[in-house]
Each structure stands twice: as structure tokens, then as C-alpha cells.
1. So, in segment 475-523, how many residues would count as being modelled with pLDDT of 90 or more, touching a Leu at 6+ places or on another chain (Cβ under 9 Å), outside any helix (DSSP H, G or I) and over 22 Å from residue 98 (Cα atoms)?
2. How many residues are basic (Lys, Arg), modelled with pLDDT under 95 and open to solvent by less than 20 Å² (accessible area, probe 1.4 Å) if we restrict to segment 127-177?
3. Would you pick out the residues in segment 364-409 that are polar (S, T, N, Q) and within 16 Å of residue 421 (Cβ to Cβ)?
4. Could you count how many residues in segment 178-197 are open to solvent by less than 40 Å² (accessible area, probe 1.4 Å) and under 23 Å from residue 368 (Cβ atoms)?
5. Return the total of residues in segment 404-417 being free of Cβ contacts under 8 Å to residues at least 40 places away in the same chain, of a type outside the set (Gly, Ala, Ser) and either surrounded by 18 or more Cβ atoms within 10 Å (Cβ to Cβ) or closer than 26 Å to residue 331 by Cβ (or both).
6. Which residues, counting only those in segment 267-297, are outside any helix (DSSP H, G or I) and over 19 Å from residue 379 (Cα atoms)?
7. Taking segment 72-126, which residues are in contact (Cβ under 8 Å) with a residue 24 or more places away in the chain, among the small types (Gly, Ala, Ser) and open to solvent by less than 30 Å² (accessible area, probe 1.4 Å)?
8. Please specify each residue of segment 4-33 satisfying the condition of being at pLDDT below 85, surrounded by fewer than 16 Cβ atoms within 10 Å (Cβ to Cβ), on the phi < 0 side of the Ramachandran plot and among the charged types (D, E, K, R).
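The values are calculated or read from the model by the stated rules, or taken from the named source; none is laboratory data. Here the structure is a predicted model, which is why all the values come from computation and not from measurement. So basically every Cβ, Gly included, is an ideal-geometry build from the backbone, and we count neighbours across all protein chains shown. Surface areas here come from the heavy atoms of the whole protein model, side chains and all, with no ligands, DNA or RNA. Shrake-Rupley method; radii C 1.70, N 1.55, O 1.52, S 1.80 Å.
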Amino acid sequence: MHSNKFRDPLISRAQPVTIITPVVEETLRMAGVPAVREHILDRFMNGQPRVAIMHGGDDHPPNVGSKETIRRMIRQVWANGGIPFEVSHSAPCEELSYGTEGMNYALLARNFCTATLAGLIEAHGYDAAILFGVCDKMMVGSLRALIEADLAHQRRKARPLFAMLIPSIIGREIHVSEEDRRKFEPLRHRLIETERAELDRLFHGPMKPHVYAQVKALLDRCFHRRIVQEGEKDDLERSIARCASVPGANCAASEASMAHRMILASFGLVPRKFDIAVKPPTDEHLAEVVRRLIQAVHKRERRMSVASLTRYNLTNAAAVWSATGGHPAWLLHLTYLADAVGKKLSLSDISKKTQKVPQILALDDAAGTSVYSMAVETENGGNSGINTIMRTLAEKRLIEDRAPTLDGSWTQRIMEARSANGNFVYSTMTPFLPTCGMVGMRGNMCSTAMARLGPQNRNGNLEKFDRKIYLAAYYLGQKEFHADLAVPDGVIERLKRRVSREDLYYTSLINWQSKSGNNVAGLPELSQWNKAKLWNYLLSQNLLRVMVVVAGAGPHASGMPELQLALNASSRPLNDICVLVTDGRVSFHHDGISIAHIVPEALDGGGLAAIRTGDWIYLDLAHGEFQLVTQSVRGYKILAARELANRPDRKKRINELERRRMDLLPSFRILLDQVSSAEAGVSPASKTN
């Protein structure tokens, strides 16, 4: 009965039959399919494809609203001769963990996701997988797991592993109702003009989690200044929370999610018309994609396996990454996937794409070009989603259009795609922006890093930040950083206590005085001013330049958590005067200038471990320079890297970071030393990275 002809260890042994049969029966029963044990046994013994339908857990936001589609997919797999298995595979939600101890685990949960899923596929012997979701870390971790299992199958001369990705549907967005808006009117009249403008801007767009967080930060600032009482503040927060607490406001409808969708789709693993959808697919569409997957398994189309499609499309994905805005997380994800298929790819390799590939995807909730409105246009035939993006890039040969996908080559797909119409996808001849705003950096503090320019700083609007001397406000770890963010003007006050009058005077002269001696910013005569007067003047005129340095947030120290400056209790927006620097990650929602993914990180002896509050740091974005400097008769001079490394603070801080790692979960700590640096994507460590 247990045949060896399929070279399948599950079929050739007796025990798996008794284990698998009730699992499949339960999967079918939950999907509403009458389960006949004899039919299950026949399919199993005849080597029919075992297909895992994978999705996030019930507490995973992108999984909201997908249960019925998952059940219908199970029915289609069974109807087309496959054996379906429902697999729940969740990962922490980074939006939920922000500002808590859990934020340390968000990125490396991707690596855990890879390890557990790859082990599951190897142990249970699946032939194909259909993966639902939109969370970048869960999807990328799962994709790497499938790649690893596919390559293992092929080394054993077994069936290749095939897969398709089905992104979550995009729900209708919710705006603040007139009734809730009126509740803010008494407070609105008490706000200063800039805060009224900020509130109006937030209410103009859909209420998504990051918008709610910004409204709450504004209310916190008002409470600290005693503009609003605690009871009124709580009522207003509750009103806004109701607007944001709907399925359409979750991460499946965020601007970041659109970038994730497009980059994942560029690997050729997302079926046509599934990349952007506002309603569940029909049974006909599901049947079509399932037949395609089952056929690939039967024919053993090695060229269509998950590892092959990823390898063929890796450079395409890097081009789409730049075209969709250069999402910072994908700098790590692309190198992580490249490592899985044996391709050498670094941060600097990816950053070169920004010099060639302009940003052609434009989404802006405030301007009405939201994710949902783009999805509606796609639904009505106004654009073709990823196919329109690939067609646009192919016109200037920025992608390899002969690369295969599940639906044929990109050449075939883009022939049927709509052209860019400038609503959401722009032409490369007249792009939305000439660059996605990512710049490779180097200097005496690091061998490599990535700077990201916020939307307001692109298109040459950098004169107020570029080629300036910054005063460092230093934090060892994100816990100290968040503590100051929660205090009114905590970040600024930290710096004020440590800088001297000379620091303020000489940096302001260097920053705002031209070579001819003229004051570029119209500075008054400052030479006789004391520290307090200088500080208040520079701060009020937005002429103070601060570099907020958060060290000890790298992958080896604490798992590379995500940071941002936007949600602070300061009386002024920090993005107007600050640049955020870290060896961790910076949030996609951070709209100022940031420098992240710094290598080597502080724990590994990098220069960030030796910086002090009040240090001078020179930033030249145009040339990718990022240097610690000291005062000299000519203004400033670059500090030698050896001098920086010899500072006594460095060794003490490394020891402190080692001690703090003991506060992390024991099961998590074992991974910290087993991953590469950010330069290689925080991949499993090897001799080559």
C-alpha cells in the first residue's frame, strides 16, 4: 500500500497516513467541504500536491477580514485535486509594540518566522504554499523559509517547492466625522496657529494608526502646557480612537503597505489582479490561480519554483523598491532574500538604484491620493498595479522584462498593462521625484550607513540641513530616548544642559555665515550674547541644528528596533531642527532626515559607542559624508577615527550594552550573536558576512 514510486518519505511510510488524514478532515470541515476519508487517502497515496494555505494568527491585524477567502481557497485546492492544510503563522505587530520592550523583537521575529516555517515545511513535506498577508516581516520571513525549503528539496532531487502570495484586501478608509471634529473646536481656538494647522492637516486625511498617534501627541503637548484638562483630553482621545479602530484603518491600507505589496509582487509570486484589491477575489479567480499552482507542482516546473522566481527577479525588486519610495525596511529584506538564494547584495548595491530609478509611485493621504483611492482606480481599470509600474520602468530598461513570473514573463504582462497616468504612477520622463531620498553614507563613525530624506527635504530643499555642523544629543539605547520623548522638550533640554556658549556661537557662525563673511540667515551680532540668549534665539529661529544619536539599537545589541522623532511631547516639531541617527532602524512614517543601519553598530565597537552629548558632527548629504569633528582655527577639523576609538566612554558603553542584553528574553538572546550586520540584511551569520 505504501508505494516508493513517488520517492516521497511521507507516502512510503505508514505512520503519516494516520496523522495527516484527521488534519485534512478538520481543514475541509472548517471550510464547509464534506470530508470523505477514502478520497483523502486516495489523494495522499497517489502523490497529489500537498498545499499549505498560510495566514497570520487571529491577533495579526493584516489577517482581519480574510477568513472567508482562506476557506474558499481551501475549497478550491480540494476541488482541483490538491490536499489542503490550513497553517496559522503569525508574527508580532510592530505598530502594537512601538515604545515598549516588545519593539526589540519585531525585526528578528522575521528570522524566527523563517526558521520555524522552514522547519515546518521540511517536517510536513508540503509541495506548495499559498501565503496570505501584507506585513513585511511576516511575508519576507515566510518567503525566505519557502526559498530555503525549495533549495533543500532540489538538492535531494525531490519536487521543487512552489508558492504564491495573496496580499490582504484594502478596506475603505474612515475620516473624522463632523460631530467628532466639532468636539475639537473649543481646544482648536486655544491652540497657536502652527498647531491649528497641524490639527487641520491630520483631520484632512483618513484616520490611520499613525495619524491617531500624532493627534494624541498633540493632545499630550497641550496637556503639559495646561491648555486642556485631563478629562477633556481623555474624551477627545476616545473620539479619535473610535475613528481609527476599524478594519480599513489597519496596516493593510497604509502607505507602507503599498510599497510592501509592490515589492513583493515584483518577485513574480503574486497573481495578476491580486496585488491591489478592495474586495475579495471571486471563486473563478481563486480557481484559476490554484490550477496554475497545482499544474506547476505536477510538471515540476523548476523555473517557476519559489527560489527560482526570487533569484530571477531580485534586481527587479530593487528597482521597484526605489520606484515606490525606498522603504527603509526593504534595505534589510532585499539583502536577506538575496542571501537565501546565494546572491551577493549589500546596502550600497541597493542604494545605487536610487541614482538610476526615480520615484514614480506617489501616495499622500492629505492630497487625496490614498492607498484606497489607488486601489479603487485599479479596480476600475485606471491602472494595472504592479504591471503598470513594471511597464513604466521597462520603457527605460530599468528592469529585466524577460524575467519569469507565475503568469508568464514580465514582457507578456506589461503588454496588457495600462500606462502611467500621473494620478498615482508617474512616467519616468516626468517622475514624482527624481530620487526616493536614500543616500549612502560613510565617515569616521561608520563604514556604511543609509540616510533617508523626508518628503519635505527632497527636490533640492536641503540647504537648511546639508553641510552643517550639528550638536549631538546622545542616548545609549532606545529606553533612554523614549523617556526623553515623553517629557516636554526632553530631547532639547538634554542638549541644553551639556553644550557651552562657545558651542552655540561657533557652530552658528559656521552654519549660517557665508565664505564672504555675510550672514546667510541674517544673523544679528552674537559675539556678546550669553548662552541663554543665544539658545533662545537659535531655537526660536529654527537655526539650532541637533543630531539625536541613539546608539545600542543595532541587530546585535537589541534586535534593531524602529525609532522616530514624530511622536514627542516637545513644544516644537523636532524634525524642523533635528536629524535622527541610529544603528537601529527608523520608521517609514518619520518624515524628517534620518541616518540609520549604521555599520559597525555600537556594540561591535562602532564610532557611535564613543559619541558624547555636545559633540560636533558634520553632515554632507551631497557627498555622503558623516563625520565627528572638533573646533579649529579654520572652523572645524575631522577627528581621526583612531582618536574616536580611544575615547574611554566607548568600552564602558559596550559593557553596559552587554549587560542590558541580559534583560531580553532568553530565547531571543540566542539569536543576537547569530545574525549578520545590517550591511548583509541581518541574515543568518556566516563566514562570508
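1. 1
2. 1
3. 369, 373, 378, 380, 383, 384, 387, 388, 392
4. Of the residues in segment 178-197, 2 are open to solvent by less than 40 Å² (accessible area, probe 1.4 Å) and under 23 Å from residue 368 (Cβ atoms).
5. Qualifying residue count, segment 404-417: 1.
6. Once the filter is applied, which keeps residues that are outside any helix (DSSP H, G or I) and over 19 Å from residue 379 (Cα atoms), segment 267-297 yields 267, 268, 269.
7. Once the filter is applied, which keeps residues that are in contact (Cβ under 8 Å) with a residue 24 or more places away in the chain, among the small types (Gly, Ala, Ser) and open to solvent by less than 30 Å² (accessible area, probe 1.4 Å), segment 72-126 yields 81, 82, 91, 106, 109, 118, 125.
8. 5, 13 - these are the residues of segment 4-33 that are at pLDDT below 85, surrounded by fewer than 16 Cβ atoms within 10 Å (Cβ to Cβ), on the phi < 0 side of the Ramachandran plot and among the charged types (D, E, K, R).
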